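> One structure follows; several queries about it will come next.
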């Protein structure tokens, strides 16, 4: 009896694991790259519904051209905006790969019976960064106030909270190699959003460049990507105060 009981338990566990695997397979949602989505939208006669799952304020500031807005948190009350044809291709997006709104909204659409659902995981920040077609609202160019951190304060922060701070130099690689804040990583401004997945939202992110222009743009992107602990530093100020500068494979100029 004990052997039969054990066999039944084993078969039950196997059945449960198989059922879980099937359920996970059914719930996996195809992901489109930026190139994939652009090619689909460029096709003549393209029959795609593009859904922005962000909140209305973000959508009104800027969104992918011709997208409709169905905020994930208000999905039920806006679901009527979805096409009546449940076989129509629908692509959901939000603020990048660390934003979960698009996946949650897509799953809700699947639960309603829609059968052709995809997610554009790179989202609005990468689409915008690539210079692809957008709708820009009246507040799109509105200037933001960044939280600036002085060089000495940044040095103290990096020393006192090692492992909890990431300094990101957003200049070009050649500039970074010529000299940068020790411990900083390099993500050039032109590809900042597309490489932002390496930045931990639990850490304080400090963006820096020579004079503030490129780090301002990176700061703005971090805000859109949902980062909350962010600051801006000026590398020229760091050098002017005689703080350490690291070079990579380049001999410092003789004094």
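> May I ask you to give the average projected area over all directions of the convex hull of the Cα atoms of segment 95-159, in nm² rounded to one decimal? Show your work: numbers first, answer last.
Working: hull surface 31.5 nm².
About 7.9 nm², averaged over all directions.
> Give the label of the value calculated from the structure for Rg/Rh (Cα atoms, Kirkwood Rh), choosing from (i) 1.01; (ii) 0.98; (iii) 1.12.
Read-out taken from this structure: (iii).
> If you don't mind, another one. Between residue 85 and residue 239, how many nm apart are label points set 7 Å from Cα along the C-beta direction?
The modelled label-to-label distance comes out at 5.8 nm.
> Please compute the Cα-Cα pair-distance distribution of segment 28-136 with 5 Å bins starting at 0, giving whole percents from short to long.
Reading the bins upward from 0: 2, 13, 26, 28, 20, 9, 1.
> Please sort 173-183, 202-212 by packing, taking for each peptide the average over its residues of neighbouring beta carbons within 10 angstrom, highest first.
The peptides rank, most packed first, as 202-212, 173-183.
> Rg to Rh ratio, segment 185-255, alpha-carbon atoms and Kirkwood radius?
On the Cα set of segment 185-255, Rg over Rh gives 1.02.
> What's the extension gain from residue 35 to residue 159 if we count 0.36 nm per residue and subtract their Cα-Cα distance?
Extending this stretch completely gives an extra 40.5 nm.
> Expressed as an acute angle from 0 to 90° and rounded to the nearest 10, what is the orientation of the C-alpha long axis of helix 101-111 relative to the principal long axis of the chain?
Result, in degrees: 10.
> Still on this structure, please answer the following. Which of the peptides 161-169, 130-138 is most tightly packed, and how do the rest follow, judged by the mean count of other Cβ atoms within 10 Å per residue? List each step's numbers first, then the result.
Details: 161-169: 16.9, 130-138: 12.3.
Packing proxy ranking, top to bottom: 161-169, 130-138.
> For the pair residue 115 and residue 142, how long in nm is the line joining their label points, each one 7 Å along Cα→Cβ?
Result for the modelled spin labels: 4.4 nm.
> Work out, step by step, the length gained on full extension between residue 46 and residue 134: first 0.36 nm times the residue separation, then minus their alpha carbon distance; give nm to one decimal.
Details: separation 88, 0.36 × 88 = 31.68 nm, distance 1.73 nm.
Full extension from residue 46 to residue 134 adds 29.9 nm.
> Taking springs between alpha-carbon atoms closer than 10 angstrom, which of 223, 112, 124 fluctuates most in the Gaussian network model of the chain?
Maximum fluctuation in the GNM of the chain, among the listed residues, is at 112.
> Okay, next question. What percent antiparallel are the DSSP beta bridges of the chain, to the nearest 5?
15 percent
> So, in Å, what gap is there between the alpha-carbon centers of segment 37-91 and segment 103-117?
Between the Cα centres of segment 37-91 and segment 103-117 lies a distance of 12 Å.
> Same structure, new question: What percent does the relative contact order of the chain come to when contacts are Cα pairs within less than 8 Å and at least six residues apart?
The value is 16 percent.
> Further question on the same structure: Using Cα pairs closer than 8 Å and at least 6 residues apart in sequence, work out the relative contact order for segment 28-136, in percent.
Details: 187 pairs, mean separation 37.9, N = 109.
Once divided by the residue count of segment 28-136, the mean separation gives 35 percent.
> Can you give the alpha-carbon Rg of segment 136-255 over 2.2 N^0.38 Å, where N counts its residues?
1.06
> Using only Cα atoms, find the angle between the long axis of helix 213-224 and the longest principal axis of the chain, and express it within 0 to 90 degrees, rounded to the nearest 10.
30 degrees
> Using the alpha-carbon atoms, what tilt in degrees (0 to 90, nearest 10) does helix 151-160 show relative to the longest principal axis of the chain?
Once rounded, the angle reads 60 degrees.
No lab work stands behind these numbers, since they all come straight from the coordinates. Everything quoted here is computed from the prediction, not taken from an experiment. Note that each Cβ is placed from the backbone with ideal geometry, even for glycine, and that neighbours are counted across all protein chains shown.
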